[in-house]
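*Asks:* Dropping the structure in here first, questions after.
The values are calculated or read from the model by the stated rules, or taken from the named source; none is laboratory data. The shown structure was predicted, so the numbers you read here are calculated from the model rather than taken from an experiment. Cβ placement follows ideal geometry from the backbone for every residue including glycine, while neighbour counts extend to all protein chains displayed.
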Amino acid sequence: MCRGNGMSVVVVVGTQWGDEGKGKIIDLLAERAHIVARYQGGNNAGHTVVIGEEEFILHLIPSGALYPDTISVMGNGMVIDPVVLCEEIDSLKARGIDLEGRLFVSDRAHVVLPCHKILDQVLDEMRGEGRIGTTGRGIGTCYVDKFTRVGIRMADFIEPEVLAEKTEISLREKNAFLNGRCGKEGIDPKRAAEEMLPYSKRMRRYVTDTATLLNKAVARGESILLESAQGALLDVDFGTYPYVTSSNPISGGASVGTGIPPSKIDRVLGVVKAYTTRVGEGPMPTELFGEAAERLRNAGPRGEYGATTGRPRRCGWFDAIVVRYSAMLNGLDYVAITRLDVLDDVPEIPMCVGYKYKGKTYDTFPALLRVAQECEPIYEEMPGWMSPTVDARRFKDLPAAARNYVERLCELVGVPPAIVSVGPRRDQTMVLKEVI
Ligand code: IMP
């Protein structure tokens, strides 16, 4: 292992609507990191990492966990379903990856409980036409509890008496809603707390003050990767609201979600898919339909299907407006371009360089949903390379047209490339610049 020396705190973010391939990129960089810390979201995420012939899909545990002595931190900004976390720990252990003594869960992270999942699904259904298409994992409803201050944090969860008391308070309003508004049976608070007891007991050994742990590591000059889930266009402040997730995946969220202050962050790397995908509802200006969408969806080795819900992802051409907006919000220093190989068989590749709506041209992402939904993308065509790139290991191995595509993409976005990926495996990667 070649670990970084000298302080290096690097944030890795998704620049589009999630599913950019952050799992692979973080796994790759984690070889040089002492600690990988996730800072928001929960098991709505699905980070796929391929090692040799084996595929791992991580929903909660940071993607660096697959190295035997990397420390994994689940930050205070996360919402954690303890049942899913225990399953994930067990399933990794069964595959030879033991996290004992190297997994730390923030005492201030909020706990996703069964009631959050029930409400997430009930509420999204109630929205009818206006549904968000959430993953149904109780993410938004858990964050609601956090902000209305009836949430249960890990520090509370591991204390049986506090858990019982807080469950009772939290379920009072939920039961009133479920009984009255939905005609559903309420949840018995005593039983709900009891059901969680085995998990409360198990979580105790992992729960700690991770903000202090991380800041001490920063002070020692260790290398730390801060891992986001989802992407900038799903950010609750800057994404395609209300079709967003309930947290801040952008790099600013990394400070809030870990307790590492902004002044200690050295670099931000944005992961960019060479085209665009989105899961769930909401605007996506470059979306393709029918056969054209199917071709992109099924071109790569694993296709474009959600790692968490298995839903087919909506697919479309690269949208420079989205990624440039994202580069600005995240303060990107470098980009890692993924899934370039998916475009190997496309003869002419359109790239969106602007939007047109009612005679007006947009070169940044609009706040008004109607504009994002109804705008017409302005495309620039790039010649395709029509040859396989999966075996390229150095940038110069790529066909000239593929290099031009990458260079044009970076020019449009205004950020230089650090990594280009041409397949799911660790070795299917070109490193142009070491970022950690
Ligand atoms: P939630 O995060 O489950 O509340 O879902 C809100 C929106 O974010 C839905 O459109 C989801 O499909 C989307 N979403 C949440 N997590 C991910 C992810 O990891 N990748 C892609 N989309 C996601």
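*Asks:* Out of all the residues in region 257-298, which are surrounded by 22 or more Cβ atoms within 10 Å (Cβ to Cβ) and acidic (Asp, Glu)?
*Replies:* Selection gives nothing.
*Asks:* Answer yes or no: is there a residue in region 321-330 that is touching a residue at least 60 places away in the same chain (Cβ under 8 Å) and in a loop (DSSP other than H, G, I, E, B).
*Replies:* The answer is no, given that none of the residues of region 321-330 is touching a residue at least 60 places away in the same chain (Cβ under 8 Å) and in a loop (DSSP other than H, G, I, E, B).
*Asks:* With the checklist (1) part of a loop (DSSP other than H, G, I, E, B); (2) in contact (Cβ under 8 Å) with a residue 12 or more places away in the chain in hand, flag the one item Pro366 doesn't pass.
*Replies:* (2)
*Asks:* Return yes when Ile118 is in a helix (DSSP H, G or I), of a type outside the set (Gly, Ala, Ser) and away from the ligand (no atom under 16 Å from the Cβ) and no when it is not.
*Replies:* no
*Asks:* Let me ask you something else. Out of the residues in region 303-330 meeting the condition of being away from the ligand (no atom under 12 Å from the Cβ) and aliphatic (A, V, I, L, M), tell me which one is surrounded by the fewest Cβ atoms within 10 Å (Cβ to Cβ).
*Replies:* Met328
*Asks:* Pull out all pairs, ordered by first then second residue, where Cβ-Cβ is under 7 Å, the residues are six or more apart or on different chains, the first lies in region 225-254 and is at positive phi, and the second is not polar (S, T, N, Q).
*Replies:* Going by the 7 Å Cβ cut-off, the qualifying pairs are Gln230/Gly14; Gln230/Gly18; Gln230/Gly41; Gln230/Ala45; Gln230/Pro249.
*Asks:* Here's something else I'd like to know. Would you say Ala418 is of a type in the set (A, V, I, L, M, F, W, C) and assigned to a strand (DSSP E or B)?
*Replies:* Yes, satisfied.
*Asks:* Restricting attention to region 146-193, and to residues there that are under 31 Å from the mean Cα position of the chain (by Cα), under 22 Å from Thr208 (Cα atoms) and small (Gly, Ala, Ser), which single residue is surrounded by the fewest Cβ atoms within 10 Å (Cβ to Cβ)?
*Replies:* Checked region 146-193; the qualifying residue surrounded by the fewest Cβ atoms within 10 Å (Cβ to Cβ) is Ala155.
*Asks:* Those residues that are in a loop (DSSP other than H, G, I, E, B) and either in contact (Cβ under 8 Å) with a residue 12 or more places away in the chain or within 14 Å of the ligand (Cβ to nearest atom) (or both), I need them from region 121-152; list them, please.
*Replies:* Hits for region 121-152 are Arg127, Arg131, Ile132, Gly133, Thr134, Thr135, Gly136, Arg137, Gly138, Val150, Gly151, Ile152.
*Asks:* Select from region 284-305 the residues that are in contact (Cβ under 8 Å) with a residue 40 or more places away in the chain and within 23 Å of Gly354 (Cα to Cα) and list them in ascending order.
*Replies:* Across region 284-305, the qualifying residues are Met284, Pro285, Thr286, Leu296.
*Asks:* Here is a further query. Considering only region 177-289, give the strands (runs of 3 or more DSSP E) lying wholly within it that have at least 2 residues that are at pLDDT 95 or above and within 16 Å of the ligand (Cβ to nearest atom).
*Replies:* 267-273, 276-278
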